[in-house]
Amino acid sequence: MIPWKCKQCGTPNDGGACLCVGCNHIRAQRLVLTSEVTDHTLVFQVGTPVGRGGLLKAVGDDSRYASEPQFIVSPRLELGGWMVEHAASAANPTFHNGTALEHGPQPLKQGDRLSIGPKRAVLKVTIENLDSLP
């Protein structure tokens, strides 16, 4: 991750940090999930359960493998950024970078992949820092 300078106080910060070490300014981020099949995107700025209904337009026919909800995405400052967690009630496993999510929330990083099972509804992770957008 690229180090950043706080827009409030000018303090240099570690690229993975969401909270400025100088003034506790919260660096706003949004999570973008892009389908590798359709190139449609889902954009999140708050914690959200993601399921069949939300995935239908983004991943097309592969949404049939999703439960309602399938997984939950959430910004977790205390854990360093965006996290993903498998919904316990989902029928099929949620995979993160080719491995089933089994033990609580996992951190998301640029370029990660989420899917239902190892190869259905594959979504590429992009994290955008809103402080640096025009």
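The values are calculated or read from the model by the stated rules, or taken from the named source; none is laboratory data. Fair warning: this is a prediction, and the values are worked out from it, not measured in the lab. Cβ atoms come from the backbone with ideal geometry, glycine included; neighbour counts cover every protein chain shown.
Miscellaneous remarks
- When the stretch 84-101 is filtered for residues that are without any contact (Cβ under 8 Å) to a residue 24 or more places away in the chain and over 14 Å from K119 (Cβ atoms), the ones remaining, listed by number, are E85, H86, A88, S89.
- Any hit, the stretch 115-134, residues being among the acidic types (D, E), in a strand (DSSP E or B) and surrounded by fewer than 18 Cβ atoms within 10 Å (Cβ to Cβ): yes
Conditions (1) in contact (Cβ under 8 Å) with a residue 60 or more places away in the chain; (2) surrounded by 14 or more Cβ atoms within 10 Å (Cβ to Cβ); (3) of a type in the set (S, T, N, Q); (4) not in a strand (DSSP E or B), marked per residue:
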{"position": "T34", "(1), (2), (3), (4)": "yes, yes, yes, no"}
{"position": "D39", "(1), (2), (3), (4)": "no, no, no, yes"}
{"position": "I72", "(1), (2), (3), (4)": "no, yes, no, no"}
{"position": "W82", "(1), (2), (3), (4)": "no, yes, no, no"}
{"position": "G111", "(1), (2), (3), (4)": "no, no, no, yes"}
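- Considering the stretch 7-20, and only residues there that are surrounded by 13 or more Cβ atoms within 10 Å (Cβ to Cβ) and part of a strand (DSSP E or B), the residue that is modelled with the highest pLDDT turns out to be N13.
- Test: S63 is among the small types (G, A, S), closer than 30 Å to K7 by Cα and either surrounded by 16 or more Cβ atoms within 10 Å (Cβ to Cβ) or modelled with pLDDT of 95 or more (or both): no
- Meets criteria (part of a loop (DSSP other than H, G, I, E, B) and at pLDDT below 85) for C23: yes
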